[in-house]
Amino acid sequence: MQKNDIVTVTIDDIGVSGEGIGKVNGYTLFIKDAVIGDVVEAKVMKAKKSYGYARLMNIITPSPDRVKAKCQFARKCGGCQVQEMSYEKQLEFKNRKIEGNLERIGGFSTELLEEVMEPIIGMDEPFYYRNKAQFPFGTDKEGNPVTGFYAGRTHDIIANTECALGVPVNREILEIILAFMREYRISSYDEKSGKGIMRHALIRFGFTTKEVMVCLVINAKKLPHGEELIEELVKIDGMTSISISSNMKNTNVIMGDSYEVLWGQGYITDYIGNIKYQISPLSFYQVNPVQTEKLYGLALEYAGLKGYETVWDLYCGIGTISLFLAQGAKRVYGVEIVPQAIDDARNNARINGIENAEFYVGKAEDVLPEYYNRYGQEHPGEKACADVIVVDPPRKGCEESLLKTMVEMEPEKIVYVSCDSATLARDLKYLCAAGYEIRKVRGVDQFPMSVHTETACLLSKLHSNKHIEA
Ligand code: SAH
């Protein structure tokens, strides 16, 4: 196979990034935007010894699982990877991805996985689910301001104010900002020269409260003609918070270090289940509230709390899981590395009247072992209590030193919430070699149209060792 060859390929597999995979005379080709079941014509762009990458040129026979994308920019935009695959197939793909990682990386048997895996929880309406979006500003060839999303792997802006994953109010807000920029000649920030003012618009929407937040990230201290923009933005239904965040650094980081309220309050309020959250422009908050409620509901179900338990929620963020669990447990300890998130967690506990949740700032792999050792020293012969340990780490998973302490604390249950089933599988392998067994595994689709999925897993302590000791 050589570069620029044109080939006909039947797509019979799907890769980790959602790309179609097919073989031509034993040679494997990865083809972005091709759907499993398609017969396509493709042009080879890069040819290695046994595999290569090809560009989809023409769909000869469409797969029965191929659907028309809702968004006209679905292929170009970096936001969605599998919009042209039916949602049912997307869920099947994510389920198989979890299962495959647990088998390959975790070394768990097909029989076990068949027994413990529950079907992935999808969305009834897999579009318009995001409560947050950050739109970059740029300039088109005619010199007009534009906003939209970055094309995959680049910082080229696809001008589009109507993302199919975001809420409809995004468009209204962005059109107001663009009109304002044209009228008052406010320039878009240019990454190359470091010049220009408008960098990003952060928009957040409370699904339950219908409150709207706009925070403009600017390469300046003040927004020229800010008053005039506010006058227009406040006409939007539900507008609650308008702010600016000054970011004058030449970096990929979107938000500045702080923000200044221009109108209204500095936060919006929203609910997940019956818990209320105050969300500021810099707060972390789950982007898909509908599925978050299902995911954390599942974590709660897996924890199976009776009321007497001491629970640890490691990587607790703003305390979403902690506060969910606190309602059913004796005591919850949350641990999180970002201090502002812990401020939010404490505030959220307070506004909900939750008094049995306590939060620590620090690395989970530092805080838990320190606590465990200190407790042992202060209470000789006693162990720090943990009936249930919940972890929800970032993609790289847990440090082994943390897993070690978790095992030493001997909780009856470990609930592992993961956004990357590969590192989940690696960590489960460790835990299962150290006296735990998998009882349940279930995917929750937080990110329809992307290849990502969340997974929740329940582990129970095996008691066989104790019998032997006795
Ligand atoms: N359950 C949380 C979100 C978890 S996302 C919620 O719903 O709000 C993972 C979190 O882990 C992030 O908040 C991140 O800041 C935090 N984190 C990353 N590395 C960490 C570490 N080593 N120790 C503790 N927290 C960490």
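The values are calculated or read from the model by the stated rules, or taken from the named source; none is laboratory data. Keep in mind that what you see is a predicted model, and the values were worked out from it rather than measured. With ideal geometry, Cβ positions are generated from the backbone for all residues, glycine too; neighbour counts draw on all protein chains shown. The accessibility values were calculated without ligands, DNA or RNA, using every heavy atom of the protein model including side chains. Shrake-Rupley method; radii C 1.70, N 1.55, O 1.52, S 1.80 Å.
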Just name the residue that is most open to solvent (accessible area, probe 1.4 Å) out of those in segment 301-315 that are without any contact (Cβ under 8 Å) to a residue 40 or more places away in the chain and part of a loop (DSSP other than H, G, I, E, B). Lys306
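Listed here are the residues, each with its yes/no results for (1) at pLDDT 95 or above; (2) part of a helix (DSSP H, G or I).
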site: Thr10; (1), (2): yes, no
site: Gly22; (1), (2): yes, no
site: Leu56; (1), (2): yes, no
site: Gln72; (1), (2): no, no
site: Lys94; (1), (2): yes, yes
site: Gly106; (1), (2): yes, no
site: Glu118; (1), (2): yes, no
Given the criterion at pLDDT below 95 and closer than 17 Å to Cys419 by Cβ, identify the matching residue among Gln90, Gln81. Gln81
Keeping to segment 216-232, report how many residues are of a type in the set (Val, Ile, Thr) and over 32 Å from the mean Cα position of the chain (by Cα). 0
Looking at segment 282-301, which of the residues that are closer than 13 Å to Phe207 by Cα and among the hydrophobic types (A, V, I, L, M, F, W, C) is nearest to the ligand (Cβ to nearest atom)? Val287
Sort through Ile244, Ile275 and tell me the only one that's more than 16 Å from the ligand (Cβ to nearest atom) and touching a helix residue (DSSP H, G or I) at 6+ places or on another chain (Cβ under 9 Å). Ile244
Give the residues of segment 1-19 that are closer than 22 Å to Gln83 by Cα and out of contact with any Gly (no Cβ under 9 Å at 6 or more places or on another chain), sorted by residue number. Gly15, Val16, Ser17, Gly18, Glu19
Could you list all residues from segment 413-467 that are among the charged types (D, E, K, R) and within 22 Å of Gly317 (Cα to Cα)? Lys413, Asp420, Asp427, Arg442, Asp445, Glu454
Wholly inside segment 149-256, strands (runs of 3 or more DSSP E) that include 3 or more residues that are closer than 23 Å to Val287 by Cβ and in contact with an Asp or Glu (Cβ under 7 Å, 6 or more places away or on another chain) are 239-246
Can you pull out the residues in segment 349-366 that are in contact (Cβ under 8 Å) with a residue 12 or more places away in the chain, in a helix (DSSP H, G or I) and near the ligand (Cβ under 10 Å from one of its atoms)? Ala364, Glu365
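To keep it simple, each residue is scored yes or no on (1) open to solvent by 10 Å² or more (accessible area, probe 1.4 Å); (2) assigned to a strand (DSSP E or B); (3) not aromatic (Phe, Trp, Tyr).
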{"site": "Tyr372", "(1), (2), (3)": "yes, no, no"}
{"site": "Tyr375", "(1), (2), (3)": "yes, no, no"}
{"site": "Lys383", "(1), (2), (3)": "yes, no, yes"}
{"site": "Lys396", "(1), (2), (3)": "yes, no, yes"}
{"site": "Glu437", "(1), (2), (3)": "yes, yes, yes"}
{"site": "Lys440", "(1), (2), (3)": "yes, yes, yes"}
Failed item in (1) crowded, with 19+ Cβ neighbours inside 10 Å; (2) away from the ligand (no atom under 13 Å from the Cβ); (3) more than 19 Å from the chain's Cα centre (by Cα); (4) not hydrophobic (A, V, I, L, M, F, W, C), with Thr405 passing the rest: (2)
Out of all the residues in segment 348-370, is one or more at pLDDT below 95, farther than 29 Å from Ile120 by Cα and surrounded by 20 or more Cβ atoms within 10 Å (Cβ to Cβ)? no
From the set of residues in segment 89-121 that are within 30 Å of Ile158 (Cβ to Cβ) and open to solvent by less than 20 Å² (accessible area, probe 1.4 Å), which is nearest to the chain's Cα centre (by Cα)? Lys94
